There are 4 protein chains.
Amino acid sequence: MGGTTMDGTKRQRRGDTRQRIQDVALELFAEQGYEKTSLREIAERLDVTKAALYYHFKTKEEILVSIFEDLSRPMDELIEWGKAQPHTLETKQEVLRRYSEALAGATPLFRFMQENQATVRELSIGTQFKDRMLQMRDIIRDPDASLTDQVRCISALFTMHAGMFVLQEMEGDPSDKRKAVLEVAIDLVTQAHSGAPS
Amino acid sequence: MGGTTMDGTKRQRRGDTRQRIQDVALELFAEQGYEKTSLREIAERLDVTKAALYYHFKTKEEILVSIFEDLSRPMDELIEWGKAQPHTLETKQEVLRRYSEALAGATPLFRFMQENQATVRELSIGTQFKDRMLQMRDIIRDPDASLTDQVRCISALFTMHAGMFVLQEMEGDPSDKRKAVLEVAIDLVTQAHSGAPS
Amino acid sequence: MGGTTMDGTKRQRRGDTRQRIQDVALELFAEQGYEKTSLREIAERLDVTKAALYYHFKTKEEILVSIFEDLSRPMDELIEWGKAQPHTLETKQEVLRRYSEALAGATPLFRFMQENQATVRELSIGTQFKDRMLQMRDIIRDPDASLTDQVRCISALFTMHAGMFVLQEMEGDPSDKRKAVLEVAIDLVTQAHSGAPS
Amino acid sequence: MGGTTMDGTKRQRRGDTRQRIQDVALELFAEQGYEKTSLREIAERLDVTKAALYYHFKTKEEILVSIFEDLSRPMDELIEWGKAQPHTLETKQEVLRRYSEALAGATPLFRFMQENQATVRELSIGTQFKDRMLQMRDIIRDPDASLTDQVRCISALFTMHAGMFVLQEMEGDPSDKRKAVLEVAIDLVTQAHSGAPS
DNA sequence: CATGAATGAGGATTCATTCAT
DNA sequence: CATGAATGAATCCTCATTCAT
């Protein structure tokens, strides 16, 4: 597929239609939801025909899948890395720090995933995403800790997740807010670590 | 056609159709999402025609609105109560306790609201729900506290929210889990209260 | 039907629902057209249920039919009278004068008939109305006259018809306008009469 | 399904679907009225699916609008021409002559417009059509003339309009009838011109 | 690479009508 | 006299998808 001269940054300037489709699609998906975004709409924004989309993607779902796969790679790598580390507090804190960055790098996707859970659940990426969240959870929490401490860890994760979107509506410098969110999350994990097992 | 022999099973249900529509609709909305649930599906489950739904509700959206209004009243009352109290730590803790109960009493609705944010956003209830969340936020947080402490308060809210659904997938007694979630939330608010202003 | 004490003006003050239905229906039919006016709309305006309409009329069409029959009686009588007279110019002029009054007394109905010809054509009253128009034509025109003179007579009729509605949009006193229309119509018939046979 | 063996009958029709839709639609609209003609019916007659109609036209109304725009252009041009001429009797007579031709060239459309006034009134073309009629009126009549003479001019217009359809039911050669109608119309305008101002 | 034309399945909604109470 | 509840058939319209060119 896609025969071009190998100049190192191949496929950058040329058949960028595929990329543009993904960009527009993600924008619309995040804004209006997956179901309410029609291929017609995407095509119109790109000023191509619907049929053109089908040249690049077999189905509507495949567009979403491809976006997901491209953008969630950093998160995947983070999980891989986290699993290879010792389950120390320091690891967990570092995981949170890196997760904060991963989230920031793919805000629209995560916003989409969060706001379209019901839809995404029956799509192939639904399971994938859930699996990753569970893996994150298992890196962060300690199965032998008290229920409360486990909740703290999970809460740390959700705090970061939700923080991204809810805090957008508060005044203040975005990077300050991100720092605050991260701080609270790290705090939660740290507290969980110093708790007594149930 | 449609013929169900009058064996009492159907006879009993008379006059409660409106309620039954709401019940089935909420179940399906929560399970599959609002967009993916068709009125045909709801009607079929109730063994009535689509047109019957329109006797009781003017539009699909109105079904959802009516469910929302009925089920979110306790939350409304809680907010009313919370706003009338002094903004002390004790009030906040009590609000969280009551919120925990309100959530438990309307789990499917809250699950729906959380998993269908994208859809709900352009529906009339979207704004209402968001408003309520912001009011809860303003009861719980202290606008003069440090950013971090404000995040703690918001995190307390989301912990409870998310807790409801995410923890369903963990082993353990449901009421234990609810208690743990509440504890973490109260903890967060308490910590926020003892922090120094920024 | 409708047993009440015979006080001479029976059924005037009491079961006037039937009458009210007709009034509202005609108003709406004339305003929006027959197809676009739903029984729901009529019922709502009267603040009764749709089912109530069915107590008074068997079908939607019957409402229209009943209106038509009640309001077009004067026109019927005019035709009867006209047919019994000698076919002189004076008769025709008098017919036009009386027609002018008949039209004025049932403006909304005639407006409706004119603006809903396509719909009315397949309704029972369609044929009736057309028949009456043809009878009017045959009273007014002389089959032995030249084509042109026949057209003059028919034109006289249509002038009066259309005049009712089109002239509403011109400035000037309504009764002056009606007089002008009648004058032109009478003129046309008079001219037709003095013409030479083809 | 739908299977028509490729025997040429269908093959020929390619690319002209849009036109065929307009043709069939106008035919049905004129015959049964706009409301009573369903897209299903149009599609069935053309042996395509309803969705195919939507490929060519955005809405049912747009089908009608497109027909109207295509077919009423001659009338538009006539108005343009008429407005540019001096307001002499000769101009008016010529306008009527040309109008007669314009009407003949778009009989089904004008029949439709006349028989569906109630429907058309709330459609976008309703206003357009009315505007054109008023412009025609203003070309033909003299605002300083007596009311009666103004009615004569308007009557001339309606005579031509109505003539088209009513006369179809009279015996006689069509072109003879058209000539007679035109003669009466011209007569009316001519009389109006020789009248004394009110 | 992309379009023009079309489809089949399904969506929400509206309507005239019925009937037991 | 009138209503409450329901139906069956139809409506316009939208969508993801296909395929010959």
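Summary table
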| quantity | calculated |
| --- | --- |
| Residues that are assigned to a helix (DSSP H, G or I), surrounded by fewer than 16 Cβ atoms within 10 Å (Cβ to Cβ) and either more than 7 Å from chain C (Cβ to nearest Cβ) or within 15 Å of the chain's Cα centre (by Cα) (or both), drawn from segment D:133-180 | D:134, D:138, D:165, D:168, D:169, D:174, D:175, D:179 |
| Any chance residue C:35 is under 23 Å from the mean Cα position of the chain (by Cα), in the same structural domain as residue C:109 (by TED's automatic domain parsing) and at pLDDT 95 or above | no |
| Contacts under 7 angstrom Cβ, first residue in segment B:81-99 being farther than 15 Å from residue B:186 by Cα, partner in a helix (DSSP H, G or I), 6 or more apart | B:82/B:91; B:82/B:95; B:82/B:139; B:83/B:139; B:85/B:91 |
| Residue list for segment A:181-191, filter: at the interface with chain B (Cβ under 10 Å from one of its Cβ atoms) and either of a type outside the set (Gly, Ala, Ser) or out of contact with any Ser or Thr (no Cβ under 8 Å at 6 or more places or on another chain) (or both) | A:181, A:182, A:183, A:184, A:187, A:188, A:191 |
| Residue in segment A:23-40 that is nearest to DNA strand F (Cβ to nearest atom), counting only those that are more than 9 Å from chain B (Cβ to nearest Cβ) and among the acidic types (Asp, Glu) | A:27 |
| Pick from segment D:16-56, criterion among the aromatic types (Phe, Trp, Tyr) and touching a residue at least 60 places away in the same chain (Cβ under 8 Å), ranking: surrounded by the fewest Cβ atoms within 10 Å (Cβ to Cβ) | D:34 |
| Residues of segment A:58-75 classified as surrounded by fewer than 20 Cβ atoms within 10 Å (Cβ to Cβ) and within 9 Å of DNA strand F (Cβ to nearest atom), total | 5 |
| Which listed residue is closer than 15 Å to residue B:158 by Cα and within 14 Å of chain A (Cβ to nearest Cβ), from B:130, B:60 | B:130 |
| Answer from D:31, D:69, D:80, D:35 - the residue that is over 30 Å from residue D:139 (Cα atoms) and away from DNA strand E (no atom under 16 Å from the Cβ) | D:31 |
| Matching entry among D:94, D:115, D:122, D:90 (being away from DNA strand E (no atom under 14 Å from the Cβ), among the charged types (D, E, K, R) and exposed (fewer than 15 other Cβ atoms within 10 Å of the Cβ)) | D:90 |
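The values are calculated or read from the model by the stated rules, or taken from the named source; none is laboratory data. None of these values were measured; they are calculated from a predicted model. Using ideal geometry, Cβ is built from the backbone for each residue, glycine included, and neighbour counts are taken over all protein chains shown.
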